[in-house]
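*Asks:* Dropping the structure in here first, questions after.
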């Protein structure tokens, strides 16, 4: 399911909602344990898992940027800076697993926004596949499919927002 785009006073929020048949603890481990995190987002490495702690992002040129954890509630909320934006993962237990809500507060929609949205979409697909013990044959090919959908969604969103 494609992310819902929500207009805010100063930008937008992209909201992904997933109902997974895995416990909060299992999903939390994939978000915060470096040996698992590296399997779906190899550029990220948790340095300090606490509010005010850091997550290191390896840039393509080999340097590192530090992202700050702005809110942390174990097995429930992980919020961090994402350069000018904010990423927030929320987990809630359900009868047969958990609800994962990922939101990105987007300060400015640019030509790069659909790429980022498709990227986060694929991250969620990969986490679920890993939880299920499956593999995704070509993450790049899958990303391309979602990227086209997000180009369309962002265009529709920006048209509606400008009205």
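*Asks:* Kindly list the number of the only condition in (1) in a strand (DSSP E or B); (2) modelled with pLDDT under 95 that fails for residue 45.
*Replies:* (2)
*Asks:* Another question about this same structure. Return the only residue of 22, 50 being in a loop (DSSP other than H, G, I, E, B) and touching a helix residue (DSSP H, G or I) at 6+ places or on another chain (Cβ under 9 Å).
*Replies:* Criteria check complete, one pass: 22.
*Asks:* Identify the single condition in (1) more than 15 Å from the chain's Cα centre (by Cα); (2) surrounded by fewer than 13 Cβ atoms within 10 Å (Cβ to Cβ) that residue 42 does not satisfy, given that it satisfies every other one.
*Replies:* (1)
*Asks:* Can residue 80 be described as crowded, with 19+ Cβ neighbours inside 10 Å, under 24 Å from residue 54 (Cα atoms), touching a strand residue (DSSP E or B) at 6+ places or on another chain (Cβ under 8 Å) and touching a residue at least 40 places away in the same chain (Cβ under 8 Å)?
*Replies:* So residue 80 fails the test.
*Asks:* Further question on the same structure: Please pick out the residue among 154, 101 that is surrounded by 12 or more Cβ atoms within 10 Å (Cβ to Cβ), in contact with a helix residue (DSSP H, G or I) (Cβ under 9 Å, 6 or more places away or on another chain) and touching a residue at least 24 places away in the same chain (Cβ under 8 Å).
*Replies:* 154
*Asks:* Can you name every residue in segment 130-151 that is farther than 19 Å from residue 113 by Cα, assigned to a helix (DSSP H, G or I) and out of contact with any helix residue (DSSP H, G or I) (no Cβ under 9 Å at 6 or more places or on another chain)?
*Replies:* 132
*Asks:* Looking at 37, 31, can you tell me which residue is within 13 Å of residue 128 (Cα to Cα), free of Cβ contacts under 8 Å to residues at least 40 places away in the same chain and either part of a helix (DSSP H, G or I) or within 14 Å of the chain's Cα centre (by Cα) (or both)?
*Replies:* Checking each option against the conditions leaves just 37.
*Asks:* Let me ask something additional. With the structure loaded, tell me whether residue 120 is assigned to a helix (DSSP H, G or I), crowded, with 18+ Cβ neighbours inside 10 Å, in contact (Cβ under 8 Å) with a residue 24 or more places away in the chain and out of contact with any helix residue (DSSP H, G or I) (no Cβ under 9 Å at 6 or more places or on another chain) or whether it fails that test.
*Replies:* yes
The values are calculated or read from the model by the stated rules, or taken from the named source; none is laboratory data. Remember, predicted model here, so these are calculated numbers, not experimental data. A quick note on method: Cβ atoms are made from the backbone with ideal geometry, for glycine too, and the neighbour counts reach across all protein chains shown.
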